[in-house]
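Quick notes on the structure that follows.
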Amino acid sequence: IFTTIAFLASCKKEGAQFILKDGTIAPGLQASSQTIILKQDNDNDTVVNFTWPAADFGEKPALTYTLQLDVPSDTANWANAKSFVAGNNVLTYNFIGKDLNNLLNSMGLTPGAENTIAIRIRSDANQYNGVASSLAPVYTNTILLQITTYGINLYVPGDYQGWDPASAPILSAVNGRAGLYEGYVNITGSGIQYFKYTNAPDWNHTNYGDGGNGTFSTDGAAAGLSVPDGGYYELTANLNNNTWTATKTTWGILGDATPGGWDTDTQLTYDPSKQVWTVTANLKTAGSFKFRANNAWVIDFGIDSDGKLTYADNPFFGYTDGLNNLSVPEDGNYTITLDLHISGKYTYSLVKN
């Protein structure tokens, strides 16, 4: 297959034309190391260098080279591969530790364990204006590396706590959901409050600032993320697509076991010294209830078969079917406590007075 592409040699001359052909690329992808152990200590160091031969599409068009990383079991079609653009017309790329670790953490690998990673280079021929041509991409050989990643938490330093990552609240990784982080933070103060996420309790590693339109930027000079006012926020981060959310919440209980039935939430009050939400209310055994945020069925908790507090509804996680409501063993006056301050380890208590 051949395709004709205009090459603009000058703004004052007619465009010359040259012919592209189906691409080829020789085997030759190589890595400087076959075994890589990633640590936060080498976040900013080059941990591996890749080199590869040039692809041939004919008369030297602009070529984009992309590293693709995947687990060996997916390499029949590379459907879940993670991609990292190396650049145009380059034949080498140095991976620094934090970029490689962040990329691999989004693949659901086991931190601290050696994982086999398959890597290849994709080459695309671009038209003179950067748009991809109709020619199919070509790929190098695949190489296998043994890489040990480290798990990360996200710390949330900001205006509200003096911009100190070491003492900042933490968003933990969501169990079984690679690249997702979620937790609750009491952001104090009035007016716009700025903060960032960092992947270490300092400013020496990756920090995530505002990329615009609900996205992150990993440029250390990027502006802070922000919320319009102080409050108790559910914060989320998705490192698979570099997006984040902040949802201000208040909490209550609702159900036919509560004073307001299924029509009116009984509001909980936040205790900043204990970092919990509480209320004292009369509960009935002939009924049940749920915890829910903001008087709406958008974020709410039931309990699973083991009695653990679990989201029934949450935009970040979706709907969880088959949960039970909460109940009490006998009528009476109870102190109800909801504790959300440890990311991903949410608990409650019902104490009869």
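Could you check segment 260-313 and list, in sequence order, the residues that are assigned to a loop (DSSP other than H, G, I, E, B), in contact (Cβ under 8 Å) with a residue 60 or more places away in the chain and not β-branched (Val, Ile, Thr)?
268, 272, 275
For segment 223-259, which residues satisfy the criterion of being open to solvent by less than 40 Å² (accessible area, probe 1.4 Å), modelled with pLDDT of 95 or more, under 30 Å from residue 202 (Cα atoms) and outside any strand (DSSP E or B)?
Listed by number, the residues that qualify are 224, 230, 249.
Counting only residues that are closer than 16 Å to residue 123 by Cβ and open to solvent by 30 Å² or more (accessible area, probe 1.4 Å), give me the strands (runs of 3 or more DSSP E) lying completely in segment 27-80 with at least 2 of them.
Passing ranges, in order: 56-58.
Look through 119, 37 and report the one residue that is modelled with pLDDT of 90 or more and either touching a Gly at 6+ places or on another chain (Cβ under 9 Å) or within 25 Å of residue 154 (Cα to Cα) (or both).
37
For residue 63, indicate whether it is under 23 Å from residue 141 (Cα atoms), within 23 Å of the chain's Cα centre (by Cα) and at pLDDT below 95. Write out each step before concluding.
Values: under 23 Å from residue 141 (Cα atoms): yes; within 23 Å of the chain's Cα centre (by Cα): no; at pLDDT below 95: yes.
Considered against the rule, which asks whether it is under 23 Å from residue 141 (Cα atoms), within 23 Å of the chain's Cα centre (by Cα) and at pLDDT below 95, residue 63 comes out as no.
Quick one: residue 283 ticks every box in (1) modelled with pLDDT of 95 or more; (2) open to solvent by less than 40 Å² (accessible area, probe 1.4 Å); (3) of a type outside the set (Gly, Ala, Ser); (4) under 30 Å from residue 209 (Cβ atoms) bar one, so which box is it?
Checking residue 283 against (1) modelled with pLDDT of 95 or more; (2) open to solvent by less than 40 Å² (accessible area, probe 1.4 Å); (3) of a type outside the set (Gly, Ala, Ser); (4) under 30 Å from residue 209 (Cβ atoms), the one that fails is (4).
Of (1) within 21 Å of residue 250 (Cβ to Cβ); (2) in contact with a Phe, Trp or Tyr (Cβ under 9 Å, 6 or more places away or on another chain); (3) open to solvent by 20 Å² or more (accessible area, probe 1.4 Å); (4) of a type outside the set (Phe, Trp, Tyr), residue 335 satisfies all except one. Which?
Only one criterion in (1) within 21 Å of residue 250 (Cβ to Cβ); (2) in contact with a Phe, Trp or Tyr (Cβ under 9 Å, 6 or more places away or on another chain); (3) open to solvent by 20 Å² or more (accessible area, probe 1.4 Å); (4) of a type outside the set (Phe, Trp, Tyr) is unmet by residue 335, namely (2).
Of the conditions (1) touching a residue at least 12 places away in the same chain (Cβ under 8 Å); (2) open to solvent by 10 Å² or more (accessible area, probe 1.4 Å), residue 195 fails just one. Which one is it?
Tallying (1) touching a residue at least 12 places away in the same chain (Cβ under 8 Å); (2) open to solvent by 10 Å² or more (accessible area, probe 1.4 Å), residue 195 fails exactly one: (2).
What strands (runs of 3 or more DSSP E) completely inside segment 145-211 contain at least 3 residues that are within 14 Å of the chain's Cα centre (by Cα)?
170-173, 180-187
Select from segment 157-171 the residues that are touching a Gly at 6+ places or on another chain (Cβ under 8 Å) and crowded, with 19+ Cβ neighbours inside 10 Å and list them in ascending order.
158, 160, 168, 169, 171
Since residue 273 meets every condition but one in (1) touching a Phe, Trp or Tyr at 6+ places or on another chain (Cβ under 7 Å); (2) under 30 Å from residue 203 (Cβ atoms); (3) hydroxyl-bearing (Ser, Thr, Tyr), which condition does it not meet?
Tallying (1) touching a Phe, Trp or Tyr at 6+ places or on another chain (Cβ under 7 Å); (2) under 30 Å from residue 203 (Cβ atoms); (3) hydroxyl-bearing (Ser, Thr, Tyr), residue 273 fails exactly one: (1).
The values are calculated or read from the model by the stated rules, or taken from the named source; none is laboratory data. Just so you know, these numbers come straight off a predicted model, no measurement behind them. With ideal geometry, Cβ positions are generated from the backbone for all residues, glycine too; neighbour counts draw on all protein chains shown. Ligands, DNA and RNA are stripped out before the accessible areas are found, and what is left, the full protein with its side chains, is counted by its heavy atoms. Shrake-Rupley method; radii C 1.70, N 1.55, O 1.52, S 1.80 Å.
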